[in-house]
1. Taking Cα centroids, how far is the range 149-201 from the range 80-131 in Å?
2. Less than 12 Å Cβ to Cβ from residue 119, Lys/Arg counted +1 and Asp/Glu -1: what total charge do the surrounding residues give?
3. Around residue 87, under 15 Å between beta carbons, what's the net of Lys plus Arg minus Asp minus Glu among the other residues?
4. Rank these residues by their accessible area, most exposed first, probe 1.4 Å: 169, 47.
5. At R0 = 22 Å, how high is the FRET efficiency between residue 110 and residue 149 if r is their beta carbon distance? Nearest 0.05 is fine.
6. Is the range 53-150 best put as rounded, prolate or oblate by its Cα gyration tensor, with a ≥ b ≥ c the root eigenvalues, rounded for a/c under 1.5, and otherwise prolate when a/b is larger than b/c, oblate when not?
7. Relative contact order (percent) for the chain, with alpha-carbon contacts under 8 angstrom and 6 or more residues of separation?
8. May I ask you to compute the full-extension gain from residue 226 to residue 206, defined as 0.36 nm times their residue separation minus their alpha-carbon distance, rounded to one decimal in nm?
Amino acid sequence: MLTCVARVACLVLALLGGSLPAHADDLADFNAVVEAASAHNRVAIGYLRTGNADLASLEIDRLRDKWIRLTERFSGSRPSAFDGNTLYSKLFTGVSARLVGADIMLKTGRLDAARNGLDAIRGDLYDLRKASGVVVLADCIRDANAMMDALMVYNNRALDWDNSETRAYLTNKASSYGVGLDRCDGIASEPVRATPEFRRLVDGAKASLALIPKAIATRDTDLLHRVLIELRSFDNLLAFRYG
């Protein structure tokens with residue numbers, strides 16, 4: 001409990017104490033610092049999903065340290081891209097509170113609640129950037145995840161291939177996901193886009209998507225099932241690594 005209190009105190013001091021100056025147009029630096037924190041958040045969520053509380057705790061500590069540094073630099077001086085965005089001023093206290101809550105949930109063995117708290121941080125950042133028209137790879141991946149969720153509805157062994165609307169909707173959902181992947185591929189920085197890991201995930205997903213028209217034409221439920229499972233796997237890995 002004393003550790004939790006100390007962590008709360010650090011977050012409060014970061015919010016109330018003197019902040020380092022930031023340039024009004026320092027959006028690139030803001031995005032880079034947020035991404036550094038988000039990388040630890042993604043890993044912590046992954047560990048919580050697999051029940052590894054000890055490693056999740058380490059990643060939450062690292063996330064907290066990154067968030068304190070971000071707060072010190074940017075809480076009192078926002079990049080101009082966020083001018084007029086009321087979510088900006090709420091972000092720092094809101095995320096700090098979520099981190100405290102996630103830490104308490106973790107210490108009391110409520111791993112799902114801790115994971116939900118960390119996932120909500122991703123939502124906070126997504127909402128902030130979307131409200132100001134700021135585009136980053138993580139948000140594109142999040143949008144693609146939602147498209148994949150819509151596509152997974154068709155992972156149904158009892159799919160009615162005789163229904164023309166079903167075939168048309170499946171085609172459209174697959175097409176939308178492909179467009180989403182192309183968008184993310186374009187948004188990714190040149191170094192990320194060139195990495196073997198990113199290429200394997202994006203190109204692998206596109207290759208799987210290319211089999212859906214064949215599954216529709218042949219009304220092959222087993223093929224569609226295998227393709228959708230492959231796509232879900234690629235999608236989950238993209239979210240874990242870049243979302």
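1. So the two Cα centres are separated by 28 Å.
2. Working: positive: 42, 49, 98, 115, 122, 142; negative: 112, 124.
Once all neighbours under 12 Å are counted, the net charge is +4.
3. Result for the neighbourhood of residue 87: +2.
4. Numbers: 169 115, 47 70 Å².
Result of the area sort, largest leading: 169, 47.
5. Efficiency computed from Cβ-Cβ geometry: 0.30.
6. oblate
7. Numbers: 254 pairs, mean separation 48.2, N = 243.
The value is 20 percent.
8. Additional length available on full extension: 5.8 nm.
The values are calculated or read from the model by the stated rules, or taken from the named source; none is laboratory data. Note that the structure is predicted; figures quoted are calculated from it, not measured. Cβ sites come from the backbone with ideal geometry, for glycine too, and all protein chains shown count toward neighbours. Note: accessible area is taken over every heavy atom of the protein model, side chains too, but ligands, DNA and RNA are not part of it. Shrake-Rupley method; radii C 1.70, N 1.55, O 1.52, S 1.80 Å.
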